[in-house]
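The values are calculated or read from the model by the stated rules, or taken from the named source; none is laboratory data. These numbers were taken from a predicted model, which means no experiment stands behind them. For neighbour counting, all protein chains shown are included, and Cβ atoms are generated from backbone atoms with ideal geometry for every residue, glycine included.
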Amino acid sequence: MSPKAVFLDKDGTLIENRPFDHSPEYIEWLPGTIEGLRLLHRSGYALIVVSNQEEIAHGRVTLEDLLREELALRAELAKFEVPLAGYYYCPHHPEGTVPLFNVDCYCRKPNPGLLIHAASELHMDLTQSWMIGDILHDVEAGRAAGCRTILLTNGHETEWHLTSLRWPNLIADEVFEAARLIAFTDLIATGERPCFQDDGKMTD
């Protein structure tokens, strides 16, 4: 497996954010997501989902609900020959009502624990990897883990509390644009000259 990865927030980045409904039939991919993931996979990046799921700590969603959603996402991506290398989520929240998950943890973004754990398990090089998300918590988690970061400018960030760790390396409107930026940036770093077809595939 490639040592480089793209870590991806899920809700609001890959699919529409429906906090209280993780039923597979309600999954709605955001524009450009499938195309972007295909481009990243074909460019040699392992794709890893890292997601806060505080609804579990509040008792509104079960672990079984998330498992069904994960299986549905994997099955849908398999239709496009796009595998997920990993799927990691944080079920904790310090104000949760479920005692098992009512903790202040290191895995909840903006902490970098999910990314560090995933990279350790899957043998990824965080310095060669990227984090894509729709809010600055994703950016902070990625940068704290040692990744480069892309913030999606889709209007989901509302607080704009900026610190040195919360400045993204790049910004993009959606995942396909982010994928093109990542592929372009990393190819330029190697001295190659990328060329894109209309469908996002790179050609010589």
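Residues in region 105-133 that are assigned to a helix (DSSP H, G or I) and among the β-branched types (Val, Ile, Thr): ILE116, THR127.
Considering region 134-162, the residues that are aliphatic (A, V, I, L, M) and assigned to a loop (DSSP other than H, G, I, E, B) include one that is nearest to the chain's Cα centre (by Cα), namely ILE135.
Quick grid of which residues meet (1) of a type in the set (Val, Ile, Thr); (2) more than 19 Å from ARG143 (Cα to Cα):
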| site | (1), (2) |
| --- | --- |
| GLU81 | no, yes |
| CYS90 | no, no |
| VAL98 | yes, yes |
| ASP104 | no, yes |
| LYS109 | no, no |
| LEU114 | no, no |
| SER120 | no, no |
| HIS123 | no, no |
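Only a single item in (1) at pLDDT below 95; (2) surrounded by fewer than 18 Cβ atoms within 10 Å (Cβ to Cβ); (3) farther than 21 Å from LEU115 by Cα is not met by VAL61, and it is number (2). Within region 24-53, residues that are of a type in the set (D, E, K, R) reach partners that are at pLDDT 95 or above and in a helix (DSSP H, G or I) with beta carbons closer than 6 Å, at six or more positions or on different chains, in the pairs GLU35/PHE176.
The residues on offer are GLU76, GLU35, GLU54, and the sole one that is of a type outside the set (A, V, I, L, M, F, W, C), out of contact with any strand residue (DSSP E or B) (no Cβ under 6 Å at 6 or more places or on another chain) and more than 22 Å from LEU151 (Cα to Cα) is GLU76. Of the residues PRO112, PRO94, PRO3, PRO24, the single one that is under 26 Å from GLY146 (Cα atoms), modelled with pLDDT under 95 and surrounded by 14 or more Cβ atoms within 10 Å (Cβ to Cβ) is PRO3.
All of LEU84, LEU67 fail the test of being surrounded by 15 or more Cβ atoms within 10 Å (Cβ to Cβ) and closer than 25 Å to ILE34 by Cα, apart from LEU84.
Residues in region 27-79 that are among the charged types (D, E, K, R), more than 30 Å from GLU95 (Cα to Cα) and not in a loop (DSSP other than H, G, I, E, B): 5 in all.
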